[in-house]
Amino acid sequence: MTDPSASRPLTILLAAPRGFCAGVDRAIQIVEQALLKWGRPVYVRHEIVHNAHVVKRLEDMGAVFVEELEDCPEDRPVIFSAHGVPRSVPAEARRRNMIFVDATCPLVSKVHMEAQRHARNGLHTLLIGHDGHPEVVGTMGQTEPGSMTLIETVADAEAFVPEDPTRLAYVTQTTLSVDDTAGIVAALRRRFPNLAEPRKDDICYATTNRQEAVRAFAARSDLVLVIGAANSSNSVRLVEVAERAGSPSARLIASAEDIDWSWLEGVSVLGLTAGASAPESLVQGVISACRTRFAVSVEDVVTAREDVVFRTPRILETP
């Protein structure tokens, strides 16, 4: 039954790009192709991406999600999540003669290689990121203990005391806010003029593009809804970007079921986007839910077009 308020107009500003990035799409394809190649069950160490809807669909197909490699039987394939893993994990899988597929996003792998290169060159690496995030755990596990320091804030950058200020480099978690990272990097550059920097910005193209799309409509929106998981770093950053860019209110939701419709009282323009691990079906679900309550018009706000595709590993090729 249609809500009486359905006659009230609501303009939805729909961000583009939004939702799945190439790394997430590749990781999901890896699980799907592994199930086709080896049958069920296929084990996945940690959530393949940070989205419960994606995880549930893959579970229904036969994927089993576990926390550690020790939870996996040796006679079934195991997949490592898109966030990356410490070097010790594939090393242990090889020791156990396990079949494994690394679904680490190639852009995260690039950061891993940078950290390893800095270590070979005798540089101490500063990792700009969030403590405990799987990507940070994986990156810090690429080098020997003590060769990398986590920097979470500008205050951390100001307080860090190196053994040799002339032998430093930095890398970043790929899903951070461009604004937050800029402040930390500026502090590090000021304190350490010899700081070695990434050959290319570590914050991934998809994170940047989704943030730019939100910036384009935030000030026009009475409310911005970001579809994504609470443990999805890039989704949480989108909420912060929307607020900083001028939206009076921004909220993170997992799906249309999480909407408190009182949030939309007095709202005539709704900004809508989705984090890089949120499927498009969730976006359309929010639009459909709005249509049952309002006279909805949708305006696409396009700030970039993405055509990046990452190939899946050769091990998945048949036979």
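Restricted to the range 51-154, the set of strands (runs of 3 or more DSSP E) holding at least 1 residues that are touching a strand residue (DSSP E or B) at 6+ places or on another chain (Cβ under 8 Å) and either assigned by TED's automatic domain parsing to the domain that holds residue 185 or charged (D, E, K, R) (or both) comprises 100-102, 124-128, 148-151. Anything in the range 190-233 that is within 21 Å of residue 126 (Cβ to Cβ), modelled with pLDDT under 95 and touching a Ser or Thr at 6+ places or on another chain (Cβ under 7 Å)? List them, or say none. The answer is 202, 203, 204, 207, 233.
Of everything listed in (1) assigned to a helix (DSSP H, G or I); (2) under 27 Å from residue 233 (Cα atoms), the single unmet condition for residue 43 is (1). Only residues that are part of a loop (DSSP other than H, G, I, E, B) and touching a residue at least 40 places away in the same chain (Cβ under 8 Å) were counted across the range 158-194, and they come to 7. All conditions in (1) closer than 21 Å to residue 80 by Cβ; (2) loosely packed, with under 14 Cβ neighbours inside 10 Å hold for residue 133, with the sole exception of (2).
Yes/no matrix, rows are residues, columns are (1) touching a residue at least 24 places away in the same chain (Cβ under 8 Å); (2) out of contact with any Cys (no Cβ under 6 Å at 6 or more places or on another chain); (3) among the aliphatic types (A, V, I, L, M):
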residue	(1), (2), (3)
9	yes, yes, no
14	yes, yes, yes
20	yes, yes, no
29	yes, yes, no
40	no, yes, no
52	yes, yes, yes
86	yes, yes, no
90	no, yes, no
106	yes, yes, no
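Any idea how many residues of the range 308-319 are in contact with a helix residue (DSSP H, G or I) (Cβ under 7 Å, 6 or more places away or on another chain) and assigned to a helix (DSSP H, G or I)? Going through the range 308-319 one residue at a time, the tally reaches 1.
Could you tell me whether the range 103-115 includes any residue that is modelled with pLDDT of 95 or more, among the acidic types (Asp, Glu) and under 22 Å from residue 192 (Cα atoms)? So far as the range 103-115 goes, yes, one or more of its residues are modelled with pLDDT of 95 or more, among the acidic types (Asp, Glu) and under 22 Å from residue 192 (Cα atoms).
The values are calculated or read from the model by the stated rules, or taken from the named source; none is laboratory data. Please read these numbers as outputs of a predicted model, since none were measured by experiment. Note: ideal-geometry Cβ built from the backbone for every residue, glycine included; neighbour counts use all protein chains shown.
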